[in-house]
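The values are calculated or read from the model by the stated rules, or taken from the named source; none is laboratory data. From a predicted model like this one, the values you see are computed outputs, not experimental measurements. Don't worry about glycine lacking a Cβ; one is built from the backbone with ideal geometry, like all the others, and counts go over all protein chains shown. Areas reflect the complete protein model, heavy atoms only, side chains present, ligands, DNA and RNA absent. Shrake-Rupley method; radii C 1.70, N 1.55, O 1.52, S 1.80 Å.
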Amino acid sequence: MQDVKIALRQLQKFPGFAATVVITLALGIGANTAIFTLVNAVLLKSLPVADPATLYRIGDRNDCCVNGGFLNDDGDFDLFSYDLYLHLVQSAPEFEQVAAFQSGRNGITARWGSEQGRPEGSRYVSGNYFSTFGVGAFLGRTLAPSDDVPGAAPVAVLSYAAWQADFASDPHVVGSTIYLQTKPFTLIGIAPPGFFGDRIDARPPSIWVPLADEPFIEGENTILKQPAANWLYAIGRLKPGANLAALQAKLSASLRQWLATQPGYVQNGADSLIPKQHIVLSPGGAGIQNLQRNTESGLHLLTAISTLVLLVACANIANLLLARGAGRRAEISVRMALGAARMRLIRQMLVESILLGCIGGALGLAVAYAGTRSILVLAFPEAKYSPIHASPSLPVLGFALAISILTGIIFGIVPAWITSHSDPAEALRGANRSTRDRASLPQKSLIIFQAALSLVLLVGAGLLTRTLSNLEHQKFGIETANRFVINFHPTAAGYTAERLPALYEQIERQFSALPGVQSIGMALYSPLEGNNWGEGVYIAGRPAPGPNAHNGASWDRVSMHFFETVGQPVIRGRGFTEQDTATSPMVAVVNEAFVKKFFPNEDPIGHHFGTYDQKYAGNYEIVGVVANAKYNNPRDDFRAMYFRPLGQRDTTFTESHARMIENRNQFINSIILRFRGQPQNLDALVRRTLASIDPNLTIVTLLSMDYQVVGNFNQERLIARLTVLFGILALILASVGLYGITAYSVARRTGEIGVRMALGANRGDVVAMVLRGAFSQIGIGLAIGIPIALLGGRLMAHQLYDVRAYDPVTLGMATLVLAASATLAGFIPARRAASIEPMLALRSE
């Protein structure tokens, strides 16, 4: 406590020094704490359920959301049909319970009482979902297995966050009727606070519905009883003593046995792939880790970058302490001459450093809180009921305390050691007559260290900034100016497939009549909205493709004016016209990548192809070719893709799965409006127009096409901006450190400079001498930093797009920026040194 009191008095005595150190630490510790807050919330957090260590997921991949056939080339199976889920459960008594739940996120419209319907996220789950996780209800009750059987009364459970936000925490909502997709459900309970489902997600579901009620909501679009539709994840709770390896082998054998009985997995030689199909059991305490795997590399990169910034800050503060220790040399020497023990002095100075670290850490928590909130807005701009919070938790507070103490020791130990080794006799002779400076070499070494790390951060910032620019300005193959996307779900308003043609006709007629609308397009999904439909392609006149043929292609169902609306030109043949009706021959338009993949050396116009099986290979005639455009992952190359007209329906399928898919794809999701200029009051105009068509139609989202496209790069934008911010911060710290050590060196060498000038050195010589000393440190730092930066570029190559990890332009620009900053930082004390009057310098000596 005596040391703490002395440290506080020292800080009060030098408030400018204390403020500089605390602010520097607050920025460094705050940056690291903000990133750790995200790492803890996303990567380290278990589900808020009972005994998460005993939960195991059946599968380990991110496959989503409705797939058919074999999922992965290596045979790894992690997405299941309902029938396959039941089969696996029966063959695995080693599990106490196994819950199944929808892999994707289901958008529905919910209405309570006389209120207007609101879009909500829902998830179909098995009746033992909540009991498997060991989660009870906050109000009412959760789902039970008896709710998940055919004929059971339709029920639903509401999340606590949605109950607060959408129902104002009204307890009377429990037991009342809520309408989901116009279908009545009894709301039987509210989930407990903090429970967000089976995975950490920026947009967790607000409503859970039994799997048995999927046909009730989806009607003829149901996939519950389709054995070829893989759409469920599964997590189970292991019984004590279960052998994980043996269970994994048992489940894999059971999987292969089931696949061999399914026609869709054995036709056209596909049965040869069954022996390598297998299941991997993975820890399920953190739930389905899709978000973790999507953000893991980015968060690790940000952790490494923020750590480098903290190291630069520590080096800068160590330099300040070394300079301050030089000023206290006489004091320390006198205390040692009077009998003070060296370890006592080191302890006292370390207490002061740790105190500074703790004060900086406390202020850094405020920086971290504000920073984390900003990061979350950038990373998840459309988050709703997100379980990822900026509020400091106990692990975050513990991390902040630990890093505060650690940084206090790191930046304080060397200055304390050097300062405590002052020679009492030397101090008593007079500081100005000292011929040695123990702090000089460590100070210069720290500047070299700062310069090297600053270069690494600047190169990283440059590479990631160029990556973001390349992603945002690549050739997407579409036009985005003055185009807006309306997302809605006709099923939410109770529409059946038979009523859709009249609805689409009304939408096209009324929206086309709006002021300023140049054209309107409708589609199953719009470009780069995060959706994808794909099927295997079978070409007429060719043998059926084998199981390893990779004959898949993405596809979309679009309206007549869709291509001109999104700016995707028809380059051969024709687009869709009014003649492509429900009774006319079925046609398709393909893109250039489709032609390159399936018709590399011939004109595709007039050729026929089909899907699902070779017997349907003659179904669709290719009538046109459009330019390539990106509809899915913008980092990928252009995919082979075909388009079918909105007004045609394939009635030739005999398989129930194919008929179901054909029925589901009749329901469009997107309306794209192309305006002549920037529209005014668009939201009100669109809502009024859609309500005039049908008051039950609800807008899910209304976005500009520009916003939809750039929304694909939220993570890249976040990482690039933070890296640039950290790089600038490191550059400022390094420049301040160089300025401080150069100014300290000039002050220490005042007598020497005076003698040089008295002997004939001019001001230019003095400036050059001082700058040479500064540049020698920066030069060594560059020599060390360039190889590290090249290595760092290779390590982060997976984050880059269309830019080399050893990009010479980025490396050159970073070097120039660092050199320019060093010149400015060194020139100010150099100019001050050149203005020294020789007589005054000699008199002070």
Complete set of residues in segment 687-737 that are in a helix (DSSP H, G or I), under 16 Å from Pro490 (Cα atoms) and open to solvent by less than 30 Å² (accessible area, probe 1.4 Å): Thr689, Leu690, Ile693
Hits in segment 511-543 (condition: over 23 Å from Asn665 (Cβ atoms) and open to solvent by less than 50 Å² (accessible area, probe 1.4 Å)): Leu514, Gly516, Val517
Hey, Val736 out of contact with any helix residue (DSSP H, G or I) (no Cβ under 6 Å at 6 or more places or on another chain) and either within 30 Å of Gly30 (Cα to Cα) or at pLDDT 90 or above (or both) or not: yes
Among residues of segment 670-686, those that are over 28 Å from Ala383 (Cβ atoms) and assigned to a loop (DSSP other than H, G, I, E, B), counted: 3
For Arg557: the one exception among (1) outside any loop (DSSP other than H, G, I, E, B); (2) farther than 21 Å from Ile661 by Cα; (3) touching a residue at least 40 places away in the same chain (Cβ under 8 Å): (2)
Given (1) closer than 21 Å to Gln257 by Cβ; (2) open to solvent by 30 Å² or more (accessible area, probe 1.4 Å); (3) in a loop (DSSP other than H, G, I, E, B), number of the condition Val89 does not satisfy: (3)
Candidates Ala304, Ala313 - the one that is aliphatic (A, V, I, L, M) and surrounded by fewer than 20 Cβ atoms within 10 Å (Cβ to Cβ): Ala304
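Each row is one residue, and each column tells you yes or no for (1) open to solvent by less than 60 Å² (accessible area, probe 1.4 Å); (2) assigned to a loop (DSSP other than H, G, I, E, B); (3) out of contact with any Ser or Thr (no Cβ under 7 Å at 6 or more places or on another chain); (4) not hydroxyl-bearing (Ser, Thr, Tyr).
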{"site": "Arg572", "(1), (2), (3), (4)": "no, no, yes, yes"}
{"site": "Glu578", "(1), (2), (3), (4)": "no, yes, yes, yes"}
{"site": "Ala582", "(1), (2), (3), (4)": "no, yes, yes, yes"}
{"site": "Lys597", "(1), (2), (3), (4)": "no, no, yes, yes"}
{"site": "Pro600", "(1), (2), (3), (4)": "no, yes, yes, yes"}
{"site": "Ala629", "(1), (2), (3), (4)": "yes, yes, yes, yes"}
{"site": "Asn632", "(1), (2), (3), (4)": "yes, yes, no, yes"}
Condition check for Gly826: touching a helix residue (DSSP H, G or I) at 6+ places or on another chain (Cβ under 8 Å), exposed (fewer than 15 other Cβ atoms within 10 Å of the Cβ) and over 30 Å from Leu471 (Cα atoms): no
Any hit, segment 605-625, residues being open to solvent by 50 Å² or more (accessible area, probe 1.4 Å), without any contact (Cβ under 8 Å) to a residue 40 or more places away in the chain and assigned to a helix (DSSP H, G or I): yes
Test: Tyr801 is within 15 Å of Thr467 (Cβ to Cβ), surrounded by fewer than 20 Cβ atoms within 10 Å (Cβ to Cβ) and modelled with pLDDT of 90 or more: yes
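Conditions (1) at pLDDT 90 or above; (2) out of contact with any strand residue (DSSP E or B) (no Cβ under 7 Å at 6 or more places or on another chain); (3) assigned to a helix (DSSP H, G or I); (4) not small (Gly, Ala, Ser), marked per residue:
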site	(1), (2), (3), (4)
Asp3	no, yes, yes, yes
Thr24	no, yes, yes, yes
Ile29	yes, yes, yes, yes
Thr37	no, yes, yes, yes
Ala41	no, yes, yes, no
Cys65	no, yes, no, yes
Asp73	no, yes, no, yes
Among residues of segment 490-508, those that are of a type outside the set (Asp, Glu) and open to solvent by 50 Å² or more (accessible area, probe 1.4 Å), counted: 5
Residues of segment 6-22 that turn out to be crowded, with 18+ Cβ neighbours inside 10 Å and within 37 Å of the chain's Cα centre (by Cα), as a count: 2
Within segment 379-405, considering residues that are without any contact (Cβ under 8 Å) to a residue 24 or more places away in the chain and not in a loop (DSSP other than H, G, I, E, B), the one farthest from Leu355 (Cα to Cα): Leu394
Residue in segment 650-669 that is part of a strand (DSSP E or B) and either in contact with a Pro (Cβ under 7 Å, 6 or more places away or on another chain) or not hydroxyl-bearing (Ser, Thr, Tyr) (or both) present: no
Residue under evaluation Ala41, criteria (1) open to solvent by 50 Å² or more (accessible area, probe 1.4 Å); (2) closer than 29 Å to Ala368 by Cβ; (3) under 23 Å from the mean Cα position of the chain (by Cα), criterion not met: (1)
Single residue of Ala783, Ala761, Ala743 found to be part of a helix (DSSP H, G or I), at pLDDT below 90, hydrophobic (A, V, I, L, M, F, W, C) and farther than 11 Å from Leu463 by Cα: Ala743
First in segment 655-668 and farther than 18 Å from Ala492 by Cα, second anywhere and of a type in the set (Lys, Arg) and open to solvent by 20 Å² or more (accessible area, probe 1.4 Å), Cβ under 7 Å, 6 or more apart: Glu662/Arg649
